[in-house]
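Novice: Below you will find the structure I want to go over with you.
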Amino acid sequence: MLWERILAIAALVILYGVVWIFAGHGAGPLGLVLLLGWPQVWGAAQLPGWLGIALLIRAYFISNQSFPILRGWGATLLGCSLWLFVIKSEAMQFTIMTAIPFHFAWGYAALTGFRPPLRNLTRVLTERPTAVLFAVGLFALEALIRLPGVLNMAFASGQARRDWLLTLLPLLYFSADLLLIYVIWHGRNWARWSYLALSLWGWGQFFWYTGTTPLAVFPQNLRIGAQLLATSIAFVLLYRSPGSDWFRTIVQPQESPSH
């Protein structure tokens with residue numbers, strides 16, 4: 001029923017907001033980071049917070065079958081936003097304790113939302129060639145390795161120049177990467193080519209400004225080498241058979257039988 005949806009969405013948003021309101025200690029500007037926090041400082045927490053709220057609002061208008069899934073993703077984005085704040089909080093233990101009710105609500109939303117897709121995981125995995133599974137896994141691994149650097153770059157650029165756009169741009173670029181990886185997982189050929197172009201552009205800019213020095217064999221540069229290796233292997237798997245054959249099969253329309 002619609003009132004049950006309203007209560008479920010309101011509970012998540014209110015419990016999430018309570019953490020911000022009671023987090024007016026030191027690191028929490030004016031106690032309400034989502035609305036009143038400075039974007040150049042809190043952009044990393046604000047962006048997934050607003051995206052999560054937008055998904056929860058959108059979930060109200062969709063079918064009963066899709067509602068739990070979208071609610072689960074919305075709650076997860078709110079949880080990511082909260083933990084990005086916790087990392088910088090000067091009263092971390094108090095913030096975590098304040099967030100306990102939200103974590104119960106988040107866990108319930110995630111459990112009910114992600115359980116149906118997990119039941120179909122075996123079927124989904126068998127529908128994709130092993131090359132595609134490995135490629136998407138390598139993309140996800142590369143994104144995970146890159147995430148700390150993205151956050152550091154966003155915070156450093158935004159705080160140094162007091163420009164909130166410099167904080168959000170690396171995060172938006174990273175979000176676009178994640179979206180394309182997700183669409184590649186679903187077999188869209190245009191996403192495969194778009195991600196290749198975006199990766200070439202990103203790596204080209206990186207080496208244009210830094211030269212070949214970052215690939216030198218030093219411990220602090222092993223992360224960059226691991227990222228480049230994972231991305232290169234993943235693209236080879238996607239653009240060679242049987243990976244490339246699967247993408248062409250997915251996008252081709254079914255021919256009607258001739259009479």
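Any read-out appearing in this document is the output of simple, stated calculations on the displayed coordinates, not a laboratory observation. Keep in mind that this is a model prediction, so the values were computed, not measured. FYI the Cβ positions are ideal-geometry reconstructions off the backbone, even for glycines, and counts take in every protein chain you see.
Novice: Using 0.36 nm times the number of residues separating ARG223 and VAL183, minus their current alpha carbon distance, what extension gain do you get?
Specialist: So the extension gain works out to 11.8 nm.
Novice: For the pair ALA10/PHE206, report the inter-label distance in nm, with labels modelled 7 Å from Cα in the Cβ direction.
Specialist: Here the modelled spin labels are 4.7 nm apart.
Novice: Report the extension gain between SER232 and MET97 in nm, rounded to one decimal, defined as 0.36 nm multiplied by the number of residues separating them, less their alpha carbon distance.
Specialist: Between SER232 and MET97, full extension yields 44.3 nm more.
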